[in-house]
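The values are calculated or read from the model by the stated rules, or taken from the named source; none is laboratory data. This structure is a prediction, so every number in the text was calculated from the model and none was measured. All Cβ positions, even for glycine, are placed from backbone atoms using ideal geometry, and neighbour counts span all protein chains on display.
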Amino acid sequence: MAYGKEKVILGINCSSGHDSSAALIVGNKLVAAIEEERLTRIKHDGGFPYESIKFCLEYAGVSNESVDCAIVGWTPYGNLLKRLGILYFDSLKPQVIRRKINFLRDLYFGTLDDGKIVQTLLPKARLEFVEHHLAHAASAFFASPFERAGILSIDGRGEWSTGLLGVGEGSRIRKLSESFLPESLGMVFDAFTLYLGFGIFDEYKVMGLASYGEPKYLDQMRKIFRFDPDSIFHVNTDYNQYYLYSDCKEGHNWTSLVEKTFGPPRRKGENITRVHMDIASSLQARLNEVGVEIVRHLFDLTATRNLCLSGGVCLNGVMNYQIYRELSPENIFIQPASNDGGVSLGAALLARHHIYGIEKRIEFDHAYWGSGYSDEEIERELKNSGLTGYRLENAPETVAKLLADGAIIGWFQGRSEFGPRALGSRSILADPRPAENKDIVNARIKFREEFRPFAPSVMEEHAGEWFELDIPSPYMLLIPKVRKEKRSSIQAVTHVDGTARPQTVSASANPKYHAMIESFYKLTGCPMVLNTSFNVKGEPIVNSPTDAIRCFFTTGLDYLVLGDFIVSKKTNYDEIAAIAQADSLKAN
């Protein structure tokens with residue numbers, strides 16, 4: 001049934017095994033979108049998104065019985081014949097055959113089981129399934145402002161496809177080509193991530209490490225994967241195989257030829273050597289080359305230079321910037337939730353346009369679609385935690401002064417971000433100028449590897465003065481060079497190779513965050529702050545005031561700013577009282 005006269009569409013991601021999420025559209029508005037990990041506090045939670053669904057419905061004031069359509073961004077039927085083909089490939093060893101049969105069973109019946117849960121939770125909703133990569137594509141194109149655009153989606157795998165080229169026109173998306181297992185660019189990058197001693201989902205660490213090396217193994221990488229005009233790309237399975245097709249150890253996906261070519265894999269915890277840096281650099285350089293070739297081909301196919309990107313591989317900002325720099329698209333939109341969390345949004349948008357035939361596009365001009373808390377709720381939580389908070393008359397100005405004086409601050413404002421990036425709602429902030437701030441935040445706050453870089457959040461109107469970037473980058477998904485004359489001025493956010501991952505902040509998308517950065521600019525002449533996600537290594541980004549308070553007291557943060565309240569760890573409140581007196585603060 002309809003919620004009033006408006007369609008209520010719930011998009012769900014639950015079958016890919018990680019980053020489960022839900023997104024809700026009511027009428028002509030996206031109301032809420034959130035990943036399950038934010039609510040359960042389980043990193044990359046891949047379980048059924050009960051909490052995400054509950055949050056979306058409660059936020060909108062929609063009952064379970066009022067949902068018209070529930071659509072899952074994964075289908076048990078997609079590429080079915082190609083899936084069945086794995087039973088006839090290569091090895092006839094009993095353990096390999098058993099592995100394949102079990103995998104197919106889980107893939108097919110697991111999705112059907114998810115559908116049964118949906119039908120139980122939402123008894124009056126129309127249940128639909130949509131292909132994973134089509135949902136990725138929809139999350140980018142239908143959220144973009146473009147009437148027509150070429151679309152690229154690449155990740156590890158969907159049901160069986162590993163990438164999609166398409167064209168979006170108005171309220172329709174048309175596939176142009178697909179790639180399929182066992183060939184996957186996402187899994188090549190995953191394989192080398194594990195080979196280099198990092199964990200699953202740690203591809204961003206390889207991207208950061210690449211800046212320390214040289215592409216000395218580029219020729220070898222060119223033998224492993226390349227552009228293919230017929231199937232998007234080609235992966236040489238002599239080096240990289242999905243474990244179902246071979247005797248590769250499950251989860252590794254590389255063959256002995258990789259070790260013969262590059263040497264033994266790095267064990268977790270072992271020192272990182274120059275060889276590891278050079279392998280990472282070569283992998284990144286090759287991904288850049290292939291990404292450029294793929295998009296050049298897409299432009300030729302579509303005769304448009306508007307570009308939409310999604311899928312986990314498209315979180316690689318180095319590749320994205322190389323595409324932008326070499327091909328100069330007229331416009332580019334990269335879905336901020338390009339990980340599988342964004343599939344729920346794409347599924348909901350696809351249902352709206354393809355199933356219900358609604359032509360009007362939904363406005364998507366920011367990424368703040370998650371949980372939000374009023375100052376009254378924050379104040380109540382502070383009291384429940386036994387904390388004294390001070391209400392700031394001018395939080396942006398006061399925080400800017402504290403940052404300029406060297407403080408490191410947990411910044412908790414508004415609704416949480418959708419996607420893996422902290423964009424000024426759930427962020428840890430510091431002064432971007434001193435080089436030592438990078439080491440301090442890595443060691444004292446984040447408890448992570450020293451080579452990991454930090455992002456600058458820069459006023460959109462000043463971004464071009466500091467970075468080789470002449471378009472907005474609101475979601476931190478392009479990694480340009482810092483202008484040479486500016487690098488010494490912002491050492492904490494300039495990576496070893498002279499690059500940075502800026503978030504351009506507009507006054508319209510995030511007024512309070514922009515006002516704080518503007519205040520910092522007036523004080524220091526630097527129109528940006530260091531921004532990293534408000535969490536510690538291994539945990540999801542904080543979602544609630546309780547999460548933020550816990551993180552605050554288990555790290556070396558100096559202050560916590562929740563809404564308009566500031567909290568200090570010091571039992572002697574003389575310092576915070578002095579701040580209060582100086583900046584017209586009043587105690588709650």
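For the reader, a short list of remarks on this structure follows.
- Subset tally (residues that are in a loop (DSSP other than H, G, I, E, B) and surrounded by 12 or more Cβ atoms within 10 Å (Cβ to Cβ)) for the range 253-269: 5
- Among the residues of the range 509-547, those that are over 16 Å from Ala463 (Cα atoms), assigned to a loop (DSSP other than H, G, I, E, B) and small (Gly, Ala, Ser) comprise Gly538, Ser544.
- The residues of the range 439-452 that are among the charged types (D, E, K, R), part of a helix (DSSP H, G or I) and without any contact (Cβ under 8 Å) to a residue 60 or more places away in the chain amount to a single one, Asp439.
- Test result for Ile471, over 25 Å from Ala23 (Cα atoms), buried (at least 19 other Cβ atoms within 10 Å of the Cβ) and not acidic (Asp, Glu): no
- Scoring Ser427 on the criteria (1) touching a Phe, Trp or Tyr at 6+ places or on another chain (Cβ under 6 Å); (2) assigned to a helix (DSSP H, G or I) leaves a single failure, condition (2).
- Count of the range 270-300 residues which are in a loop (DSSP other than H, G, I, E, B) and of a type in the set (Val, Ile, Thr): 2
- Search result, residues across the range 511-531 that are among the polar types (S, T, N, Q) and buried (at least 24 other Cβ atoms within 10 Å of the Cβ): Asn531
- No other residue among Gly17, Gly47, Gly11 is within 20 Å of Glu131 (Cβ to Cβ), in a loop (DSSP other than H, G, I, E, B) and small (Gly, Ala, Ser) apart from Gly17.
- Listed conditions (1) within 22 Å of Ile200 (Cβ to Cβ); (2) modelled with pLDDT of 95 or more; (3) in a loop (DSSP other than H, G, I, E, B) are all met by Pro215, apart from (1).
- Among all residues of the range 49-61, there is none that is touching a Gly at 6+ places or on another chain (Cβ under 7 Å), under 18 Å from Thr120 (Cα atoms), in contact (Cβ under 8 Å) with a residue 12 or more places away in the chain and aliphatic (A, V, I, L, M).
- Just one of the numbered conditions (1) assigned to a loop (DSSP other than H, G, I, E, B); (2) closer than 13 Å to Trp74 by Cβ is not true of Pro145: (2).
- Residues in the range 549-567 that are within 30 Å of Val482 (Cβ to Cβ) and in a helix (DSSP H, G or I): Cys551 only.
- Extreme residue, farthest from Gly525 (Cα to Cα), among residues of the range 453-482 that are in contact with a Pro (Cβ under 8 Å, 6 or more places away or on another chain) and part of a strand (DSSP E or B): Ala455
- Test result for Gly386, in a loop (DSSP other than H, G, I, E, B), without any contact (Cβ under 8 Å) to a residue 12 or more places away in the chain, out of contact with any Lys or Arg (no Cβ under 7 Å at 6 or more places or on another chain) and surrounded by fewer than 20 Cβ atoms within 10 Å (Cβ to Cβ): yes
- Residue match in the range 494-507 (condition: over 21 Å from the mean Cα position of the chain (by Cα), at pLDDT 95 or above and under 25 Å from Gly199 (Cβ atoms)): yes
- Taken as a whole, the condition of being of a type outside the set (Asp, Glu) and closer than 23 Å to Gln503 by Cβ applies to Ala407.
- All positions within the range 39-73 that are within 15 Å of Cys14 (Cα to Cα), out of contact with any strand residue (DSSP E or B) (no Cβ under 8 Å at 6 or more places or on another chain) and charged (D, E, K, R): Lys43, Glu51, Lys54
- Boolean, Ser457 is surrounded by 18 or more Cβ atoms within 10 Å (Cβ to Cβ) and hydroxyl-bearing (Ser, Thr, Tyr): yes
- In the set (1) surrounded by 21 or more Cβ atoms within 10 Å (Cβ to Cβ); (2) at pLDDT below 95, Gly346 fails one condition alone, (2).
- Number of positions in the range 512-557 that are under 20 Å from Ser371 (Cα atoms), charged (D, E, K, R) and either more than 23 Å from the chain's Cα centre (by Cα) or not assigned by TED's automatic domain parsing to the domain that holds Asp405 (or both): 1
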